[in-house]
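Inspection log for the structure reproduced underneath, given as structure tokens.
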Amino acid sequence: MKKSKKKTQPFWSFFWLTFLVLSLWYAWYSFYAPSNDITWTDNIESAQKLANNSDKNIMVFFTAEWCSPCRIMKRQVFADSEVKKAIDSKVVQVEINIDDPNAESLVKQYNIGATPTTIFINPEGKVIDYYVGKVGKTKFLEMLLSQK
């Protein structure tokens with residue numbers, strides 16, 4: 001009696017190995033967010049005082065730890081030196097984690113239902129411009145530079 005051992009074809013071994021490598025790379029890419037030099041605050045009241053004193057508007061970035069598009073935006077937009085320079089000159093920047101219990105009233109006030117959401121407000125809290133979803137560098141700079 002002959003025992004037959006089935007051999008895996010080289011194509012399928014290569015296919016599954018490639019699939020595994022690409023899946024791991026994509027998972028890393030989705031959750032990796034480089035550090036950036038933007039100084040975020042998470043306190044809207046202090047941001048409003050600072051905005052009043054500096055004659056700037058406020059940019060509020062609503063995010064969450066689990067938000068993959070937020071991380072991609074942090075990597076592709078906020079880590080860019082041109083964007084950082086524009087942010088520093090145009091707005092007071094606030095980052096709000098929607099999962100933080102202290103942010104619940106702010107999330108309700110601005111009716112945030114998805115992340116990332118970027119809102120530009122004046123120092124009194126009135127919405128000037130907003131965008132729901134991941135924004136690319138070019139679109140973000142257009143929004144930012146349209147601020148007074």
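Restricting the first member to the stretch 124-148 and to residues that are under 12 Å from I87 (Cα atoms) and touching a residue at least 40 places away in the same chain (Cβ under 8 Å), and the second to residues that are surrounded by 14 or more Cβ atoms within 10 Å (Cβ to Cβ) and among the small types (G, A, S), the beta-carbon pairs closer than 9 Å and six or more apart or on different chains are F140/A86; L141/A86; L144/A86; L145/A86. Screening Q76, Q147 for residues that are in a helix (DSSP H, G or I) and surrounded by 15 or more Cβ atoms within 10 Å (Cβ to Cβ) leaves exactly one candidate, Q76. T138 - would you say it is surrounded by 16 or more Cβ atoms within 10 Å (Cβ to Cβ) and either at pLDDT below 95 or out of contact with any Lys or Arg (no Cβ under 8 Å at 6 or more places or on another chain) (or both)? No: the conditions fail for T138. The single residue among W25, W12 that is at pLDDT 80 or above, over 27 Å from the mean Cα position of the chain (by Cα), of a type in the set (F, W, Y) and assigned to a helix (DSSP H, G or I) turns out to be W12. Scanning the stretch 113-143 for residues that are among the aliphatic types (A, V, I, L, M), in contact with a Phe, Trp or Tyr (Cβ under 9 Å, 6 or more places away or on another chain) and closer than 20 Å to I38 by Cβ gives I119, I121, I128, M143. Of all residues in the stretch 36-61, none that is under 18 Å from S105 (Cβ atoms) and in a helix (DSSP H, G or I) has its Cβ atom under 6 Å from the Cβ atom of a residue that is modelled with pLDDT under 90 and aromatic (F, W, Y), 6 or more apart or on another chain.
The values are calculated or read from the model by the stated rules, or taken from the named source; none is laboratory data. Note that this is a predicted model, so its numbers are computed, not measured. Note: ideal-geometry Cβ built from the backbone for every residue, glycine included; neighbour counts use all protein chains shown.
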